[in-house]
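Colleague: Next up is a structure, given as structure tokens.
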Amino acid sequence: RCADAQVSLLLGEHVVVAAGGPSPPGTGIDLLTAMAPDRSPLVVEDARNDDRVRSLDSVLSGAVGALLAVPLVNDDGLAVGALTAHDRHARRWSPPEVTLLRELASSGMGELALSALSADYDASRMRWDLAIEAARIGTFDWDLTQGRVEWDEMLQELFGYAPGEFVPHIDEAMSRVHPEDREQLGQAIEAAVSRCGDYRAEFRAMLPGGRIRWMSARGRALGDADGRADRLVGVAYDVTEVRDARDSAARVLSGMAMGFLYIDRKWTVAYLNGEAERVLGRRAEDLVGRNLWAEFPSAEDEFVGAQYRHAMETGEVVSFEAHYAIAGAWFEVRVTPDTEGLGVYFLNIAERRAAQEEAGRSTVRLDLLGTVSGELSATFDAEEAVSRLARLVVPVLADWCLVSLVTDGVLEDVSCWHVDPDRRAEVEEYSRQRMLSGGENAFLRDALLSASPVVLDTGATEAMSERLPPGATKDMLTSLAPESGAVFPLPGRDGTVGLLTLLRGAARSPMEAADLTTAQSVAFRAGLALDNARLYHQQLDLAAGLQRNMLTDPPQLDDVGIVVRYQPAARAAAVGGDWYDSFVQASGETMVVIGDVVGHDVEAAAAMGQLRGLLRGIAFHSGSGPGDVLTGLDAAMEGLRVNTTATAVVARLERVRPGAEAGATRMSWSNAGHPPPVVIEPDGSTYLLTSPEPDLLLGLDPATRRHEGAVMLEPGSTVLFYTDGLTERRGESIDTGAATLLATLRELESSDLDRLCDDILARLLPRQGEDDVALIAVRLHHPGSGGADLDRVTPPRRRGATGSAPDL
């Protein structure tokens with residue numbers, strides 16, 4: 001996970017550098033000098049500002065911005081190099097990365113030591129081959145019947161005899177064999193003689209002066225005419241250097257911190273070092289020479305066995321991680337095949353795995369905190385918030401949980417959840433019953449009074465049951481069987497607003513310190529979100545009440561039905577400038593008004609109140625039509641210095657005198673920059689009341705000429721007036737919003753005016769509307785019907801076309 005890496009080895013006065021990237025940070029000497037005396041890892045997150053490395057050429061050149069280095073230490077405790085990872089930019093090195101580099105350094109040193117010994121071994125073998133070529137092999141011929149042994153000069157020299165000193169007898173020859181090896185050598189000779197077969201042995205020769213030389217002998221027993229062995233001939237040669245190299249390799253393998261196991265191609269265990277003995281739980285003398293699968297039958301058909309067989313069959317090096325039950329830990333395994341079998345290296349990576357798992361848990365906990373904040377802040381509905389909270393904390397923090405709220409000084413459970421879907425109904429029933437029992441509530445009271453978490457590390461079922469009287473609640477708790485848990489207060493601005501109860505079963509360990517910290521952070525954020533939801537609704541109710549108190553109820557008329565609606569924006573205290581109005585002029589004509597002052601604040605609401613009052617007074621006193629009323633309002637705003645702008649539609653309903661149009665109503669209207677009203681005819685068709693010439697908003701130019709339009713409406717017709725919050729959406733055109741409104745009205749049942757208004761708001765308003773909305777719907781009844789139900793009225797012939805109203 002870094003840009004570059006390198007290995008530096010100090011060999012005498014030379015520095016050998018193997019780099020995995022284009023810009024190494026410096027020599028091994030530089031890195032070792034920068035390290036602490038205890039040779040701990042060198043962790044540099046910002047190299048340009050770190051005094052230890054800022055003077056390195058690669059740092060000065062900008063090639064290295066962050067550096068992580070681990071020393072390579074030999075068996076004598078001396079630092080002989082460094083393993084380094086580095087990046088071009090400053091960055092943070094996580095604990096798992098530091099642990100990984102340390103393990104790689106340890107593993108690398110073992111490999112380097114083994115490689116060095118292998119090189120020594122190969123060199124010894126080469127010298128041995130040269131010795132053979134130079135006839136450094138002695139020969140012998142042993143007369144088994146006479147006991148006479150003939151040695152050539154080379155063999156005598158190899159055993160330390162001076163010329164003419166050797167006595168050609170078997171007793172003399174055996175005298176220079178190490179006493180500890182004589183029995184083994186004798187058994188090998190006896191076996192070859194008994195079957196007239198080959199003889200092979202390796203033993204120590206005792207030379208004058210106390211020197212020891214390892215000898216390897218090869219021979220064959222020859223038989224007489226009767227098939228009885230009477231002669232043993234062969235060769236012997238010095239294998240001291242080979243044996244010493246092999247023994248050194250064995251000592252290195254035996255002392256390595258990683259386990260090593262060698263298996264031949266018949267799956268026979270040939271060697272295992274001390275660490276392998278510890279991990280496998282078996283001694284070398286009990287395993288060497290035995291079949292691997294016979295000793296570990298369960299491994300043959302498992303993942304590990306499959307990896308071994310793949311390496312043996314393909315000759316490919318295989319690396320993997322596996323959990324070994326005997327050692328109770330995770331190991332990194334490397335299987336290296338050769339012509340003779342498999343070398344298996346395994347390194348305990350429990351520390352690294354633990355660091356990785358803790359990093360994973362930390363990520364999950366951080367994700368939970370982010371999700372809780374996002375989910376709870378996305379709603380101002382307290383019930384929705386606590387329902388989301390219960391589902392979010394399970395199973396990250398608990399197997400099941402309960403959320404309680406304090407309402408009017410009373411604590412009650414409002415939400416619960418269980419990781420097992422089959423047990424959720426049981427938890428719900430327990431939640432309903434536990435507040436009635438009065439016993440276990442002591443834990444809840446403790447958390448409420450102290451405003452601090454109450455933690456039960458073990459024995460939660462017993463501790464909670466002790467406070468419960470016999471009965472259904474206690475039985476349900478016993479069935480749910482919590483083993484550990486905790487109760488966390490949900491803090492609000494003025495005290496605790498609720499409790500979060502988290503419980504775990506016996507199969508799960510108690511909450512660790514990090515879990516408790518996370519749970520407390522969740523509780524804090526949840527408490528704040530719940531407090532905000534309550535405050536929001538209080539302020540919203542206050543704002544809505546204030547707004548509605550500024551808007552009067554419509555008049556009750558026999559021939560006209562009027563229904564009004566006001567929906568505040570989904571922001572606390574978001575009073576606005578939307579208003580509706582209807583009243584009867586002194587002349588008896590019905591006036592309908594819809595308006596919207598620019599702005600969404602208290603000033604807009606105050607301006608709305610002024611404009612509404614002025615318009616009412618002008619219309620009632622003057623008895624004028626819609627256009628003149630808006631002209632008068634413009635003049636009043638100018639003269640009274642009402643510094644605001646607004647849109648509005650003013651309409652007047654006039655019943656037509658007896659004649660050809662008997663029963664119809666003439667509606668005239670004037671529109672000051674407001675969304676056009678919608679006419680719904682008795683047959684359900686709809687059209688917009690658009691003006692031929694759009695007029696300016698109120699408050700811009702008091703000299704502007706206001707236009708009027710008029711339309712004849714039949715009994716049963718409905719006219720819907722509305723503000724822009726109903727149809728305008730961010731990213732959509734005004735035409736799109738109007739088309740959506742018309743399509744929605746055609747789908748809705750319109751016989752009941754109240755239901756129609758409610759359905760319109762439900763269908764068109766978003767859940768969290770950013771604007772307030774005012775509606776006023778007018779229904780024309782048949783003369784003398786007294787608002788008769790439209791289902792009993794036959795719709796008359798439609799007048800006008802869908803779209804703009806016909807000109808009159």
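The values are calculated or read from the model by the stated rules, or taken from the named source; none is laboratory data. Just so it is clear, the structure is predicted and the values come from calculations on it, not from any experiment. We place every Cβ from the backbone using ideal geometry, glycine too, and count neighbours over all the protein chains shown. Surface areas here come from the heavy atoms of the whole protein model, side chains and all, with no ligands, DNA or RNA. Shrake-Rupley method; radii C 1.70, N 1.55, O 1.52, S 1.80 Å.
Colleague: Does residue 498 fit the bill of being modelled with pLDDT of 90 or more and surrounded by 13 or more Cβ atoms within 10 Å (Cβ to Cβ)?
Modeller: Details: modelled with pLDDT of 90 or more: no; surrounded by 13 or more Cβ atoms within 10 Å (Cβ to Cβ): yes.
Spelling it out, it is not the case that residue 498 is modelled with pLDDT of 90 or more and surrounded by 13 or more Cβ atoms within 10 Å (Cβ to Cβ).
Colleague: Moving to a separate point now. Test residue 290 against the stated conditions and say whether it is open to solvent by 70 Å² or more (accessible area, probe 1.4 Å) and touching a residue at least 24 places away in the same chain (Cβ under 8 Å).
Modeller: When the stated conditions are applied, residue 290 does not pass them.
Colleague: Considering only strands (runs of 3 or more DSSP E) fully contained in the stretch 606-723, which possess at least 1 residues that are open to solvent by 50 Å² or more (accessible area, probe 1.4 Å)?
Modeller: 646-655, 665-672
Colleague: Now, a different point. For the stretch 147-181, name all the residues that are part of a loop (DSSP other than H, G, I, E, B) and touching a residue at least 40 places away in the same chain (Cβ under 8 Å).
Modeller: The answer is 159, 160.
Colleague: Pairs under 6 Å by beta carbon, first residue under 17 Å from residue 579 (Cβ atoms) in the stretch 723-735, partner buried (at least 16 other Cβ atoms within 10 Å of the Cβ) and of a type in the set (A, V, I, L, M, F, W, C), six or more apart or different chains?
Modeller: 723/773; 723/774; 725/773; 726/764; 726/773
Colleague: Can you name every residue in the stretch 505-530 that is in contact with a helix residue (DSSP H, G or I) (Cβ under 7 Å, 6 or more places away or on another chain) and among the small types (Gly, Ala, Ser)?
Modeller: 514, 521, 526, 529, listed by residue number.
Colleague: Can you pull out the residues in the stretch 140-178 that are among the acidic types (Asp, Glu) and within 23 Å of residue 221 (Cβ to Cβ)?
Modeller: Residues satisfying the conditions are 141, 143, 150, 152, 171, 172.
Colleague: Another question about this same structure. Look through 506, 481 and report the one residue that is modelled with pLDDT of 90 or more, on the phi > 0 side of the Ramachandran plot and of a type in the set (A, V, I, L, M, F, W, C).
Modeller: 481
Colleague: In the stretch 674-696, what residues are in contact with a His (Cβ under 7 Å, 6 or more places away or on another chain) and acidic (Asp, Glu)?
Modeller: Across the stretch 674-696, the qualifying residues are 693, 695.
Colleague: Please work out which residue is modelled with the lowest pLDDT, limiting yourself to the stretch 192-242 and to residues that are β-branched (Val, Ile, Thr) and closer than 24 Å to residue 157 by Cβ.
Modeller: 242
Colleague: Among the residues of the stretch 459-482, count how many are in contact with a Gly (Cβ under 6 Å, 6 or more places away or on another chain) and crowded, with 19+ Cβ neighbours inside 10 Å.
Modeller: Count: 2.
Colleague: Evaluate the following for residue 250: is it open to solvent by less than 50 Å² (accessible area, probe 1.4 Å), outside any strand (DSSP E or B) and at pLDDT 90 or above?
Modeller: no
Colleague: Going through 412, 383, 357 one at a time, which residue ends up being farther than 25 Å from residue 495 by Cα and either modelled with pLDDT of 70 or more or part of a helix (DSSP H, G or I) (or both)?
Modeller: 357
Colleague: Still on this structure, please answer the following. Being part of a strand (DSSP E or B) and at pLDDT 90 or above, is that true of even one residue in the stretch 284-297?
Modeller: There is at least one residue in the stretch 284-297 that is part of a strand (DSSP E or B) and at pLDDT 90 or above.
Colleague: What's the number of the only condition in (1) of a type in the set (Asp, Glu); (2) more than 30 Å from residue 781 (Cα to Cα); (3) modelled with pLDDT under 90 that residue 638 fails to meet?
Modeller: (3)
Colleague: Identify the residue in the stretch 436-458 that is of a type in the set (Gly, Ala, Ser) and open to solvent by less than 20 Å² (accessible area, probe 1.4 Å) and, among all such residues, is modelled with the lowest pLDDT.
Modeller: Going through the qualifying residues, I end up with 439.
Colleague: Still on this structure, please answer the following. Can you spot a residue in the stretch 489-504 that is touching a residue at least 12 places away in the same chain (Cβ under 8 Å), among the basic types (Lys, Arg) and closer than 19 Å to residue 519 by Cβ?
Modeller: Taking every residue of the stretch 489-504 in turn, at least one turns out to be touching a residue at least 12 places away in the same chain (Cβ under 8 Å), among the basic types (Lys, Arg) and closer than 19 Å to residue 519 by Cβ.
Colleague: Being touching a Leu at 6+ places or on another chain (Cβ under 8 Å) and under 21 Å from residue 482 (Cα atoms) is the filter here, so list the residues in the stretch 386-401 that pass it. Explain how you work it out, then say what you get.
Modeller: From the stretch 386-401, those touching a Leu at 6+ places or on another chain (Cβ under 8 Å) are 386, 388-390, 392-393, 396-401; that's our starting set.
Once the filter is applied, which keeps residues that are touching a Leu at 6+ places or on another chain (Cβ under 8 Å) and under 21 Å from residue 482 (Cα atoms), the stretch 386-401 yields 389, 390, 392, 393, 396, 397, 398, 399, 400, 401.
Colleague: Residue by residue through the stretch 257-279, note down the ones that are closer than 15 Å to residue 294 by Cα and open to solvent by 20 Å² or more (accessible area, probe 1.4 Å).
Modeller: From the stretch 257-279, those closer than 15 Å to residue 294 by Cα are 263-270; that's our starting set.
Residues satisfying the conditions are 264, 265, 266, 267, 268, 270.
Colleague: If we scan the stretch 98-117, do we find a residue that is over 43 Å from the mean Cα position of the chain (by Cα) and at pLDDT below 85?
Modeller: Yes, the conditions are met somewhere in the stretch 98-117.
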